[in-house]
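Working notes, structure below.
The values are calculated or read from the model by the stated rules, or taken from the named source; none is laboratory data. Model, not experiment: these values are computed from the prediction. Cβ coordinates were reconstructed from backbone atoms using ideal geometry, including for glycine residues, and neighbour counts include every protein chain displayed.
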Amino acid sequence: MTEGRSCPLAYRYSAEDLCQEPSTVSEDVLYIIGGLYGNPWALDEIEQMALEEERQGHRVKLVFNGDFNWFNASDSLFRTINSRVLDHTVSLGNVDYELANPNAGAGCGCAYPDFVDEGVVERSNRIMARLQGIAGEHPDIQRRLSLLPRYHCLIFGGLKVLVVHGDPESLAGWGLAHEAFVGGNDGKLSEWFLATGADVIASTHTCLPVLWSGLVGEHSRMVVNNGSAGMGNLQSDPRGLITRIGLSSPVIEPVAGIQRQGLNVSLLPVAFSLEAWLTDFDRLWPAGSPAAVSYRERILNGTSLGPKDVIFPSLI
Ligand SMILES: [Fe+2]
């Protein structure tokens, strides 16, 4: 395995262990925020969305499930993002893990599968190397990152919500990626739901959104992958996405949503200021830099997916 394609041993865990010690959520709404990627404007907007929920009488718990670092390649932005995020409930992504515990030979730790182009992998390794240089100047933050868990199991509305970064076998697993659902991964899903006992599994890491529902063991189950909170996810749409789980409907129009077992699970758009973020991004990652080559087009224009493409089983 080469840098950026390997899956470090420390990323591995057993699905059976993930919901052994669940904690009960007292708030009315969960926001699960994966892939903020160092975008402070998206974080501002998410905080505003939570305030709006609170004005409607819903208390919101912010849960960050990793990769809140990535483009924040300056001392001040590195400190700002981490200080703000670490005030909440947080678990690690591979990016944050590699900043806290640099693994020789892991590169970005993304465990990129074969369908991801080698140029993307090589540029991600260079982004990680630059960010690790900055993180090394902030040992207090590195220490706080190193103490974070790799997953959370939450009891919400009487149901088990398992929050991971990748999948139930690895911090950087691609088993809950959009591509995996397109390929049909029902066997693996059944195995993971039965092993964890989860009603909902929330993931991120693989950068494209998914909202799946189905029956496993005669119980209704759901998978939600928010794609990216800090970067566009849908066609001609630069808005980020977060996962919202509530007993009530969201106060803003979701991109997609389902209701099962009394839970409302939806993907909410994060309409941050693109102009403000691009100004920061271009200063940190000018034309020709690895992040500009890999991500600027997506930041501007999103992906090729329409809202219906994120729903599984697919809508005909
Ligand atoms: Fe990741």
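Scan the range 222-245 and give yes if some residue there is surrounded by fewer than 21 Cβ atoms within 10 Å (Cβ to Cβ) and within 15 Å of the chain's Cα centre (by Cα), otherwise no. Yes: one or more hits.
Restricting Leu145, Leu131, Leu154 to residues that are away from the ligand (no atom under 16 Å from the Cβ), buried (at least 19 other Cβ atoms within 10 Å of the Cβ) and either farther than 24 Å from Ala198 by Cβ or under 20 Å from the mean Cα position of the chain (by Cα) (or both) narrows the list to Leu154. The condition (being among the hydroxyl-bearing types (Ser, Thr, Tyr), surrounded by 16 or more Cβ atoms within 10 Å (Cβ to Cβ) and in a helix (DSSP H, G or I)) is satisfied by just one residue among Ser266, Ser294: Ser294.
Picking from residues in the range 34-69 that are more than 13 Å from the ligand (Cβ to nearest atom) and assigned to a strand (DSSP E or B), the one that is farthest from Leu145 (Cα to Cα) is Val60.
Annotation: Lys188 fulfils all but one of (1) away from the ligand (no atom under 15 Å from the Cβ); (2) outside any strand (DSSP E or B); (3) crowded, with 18+ Cβ neighbours inside 10 Å; the unmet one is (3). Candidates in the range 166-190 are the residues that are acidic (Asp, Glu) and more than 23 Å from Pro149 (Cα to Cα); of these, the one that is modelled with the lowest pLDDT is Asp186.
Matching residues to (1) farther than 21 Å from Glu47 by Cα; (2) modelled with pLDDT under 95; (3) of a type in the set (A, V, I, L, M):
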residue: Gly230; (1), (2), (3): no, no, no
residue: Leu241; (1), (2), (3): no, no, yes
residue: Phe281; (1), (2), (3): no, no, no
residue: Pro286; (1), (2), (3): yes, no, no
residue: Arg298; (1), (2), (3): yes, no, no
residue: Asp309; (1), (2), (3): yes, no, no
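Is at least one residue of the range 83-92 crowded, with 23+ Cβ neighbours inside 10 Å, touching a Ser or Thr at 6+ places or on another chain (Cβ under 8 Å) and assigned to a loop (DSSP other than H, G, I, E, B)? No, the range 83-92 contains no residue that is crowded, with 23+ Cβ neighbours inside 10 Å, touching a Ser or Thr at 6+ places or on another chain (Cβ under 8 Å) and assigned to a loop (DSSP other than H, G, I, E, B).
Within the range 109-117, can one find any residue that is outside any loop (DSSP other than H, G, I, E, B) and either more than 11 Å from the ligand (Cβ to nearest atom) or out of contact with any Gly (no Cβ under 8 Å at 6 or more places or on another chain) (or both)? Show your work before the answer.
Initially, the range 109-117 is screened for residues outside any loop (DSSP other than H, G, I, E, B), giving none.
Looking through the range 109-117, none of the residues is outside any loop (DSSP other than H, G, I, E, B) and either more than 11 Å from the ligand (Cβ to nearest atom) or out of contact with any Gly (no Cβ under 8 Å at 6 or more places or on another chain) (or both).
Determine whether the range 5-19 contains at least one residue that is of a type in the set (Asp, Glu) and crowded, with 21+ Cβ neighbours inside 10 Å. Looking through the range 5-19, none of the residues is of a type in the set (Asp, Glu) and crowded, with 21+ Cβ neighbours inside 10 Å. Can you pull out every residue in the range 191-207 that is part of a helix (DSSP H, G or I), touching a strand residue (DSSP E or B) at 6+ places or on another chain (Cβ under 8 Å) and either free of Cβ contacts under 8 Å to residues at least 40 places away in the same chain or surrounded by fewer than 24 Cβ atoms within 10 Å (Cβ to Cβ) (or both)? Result: Phe193, Leu194, Thr196.
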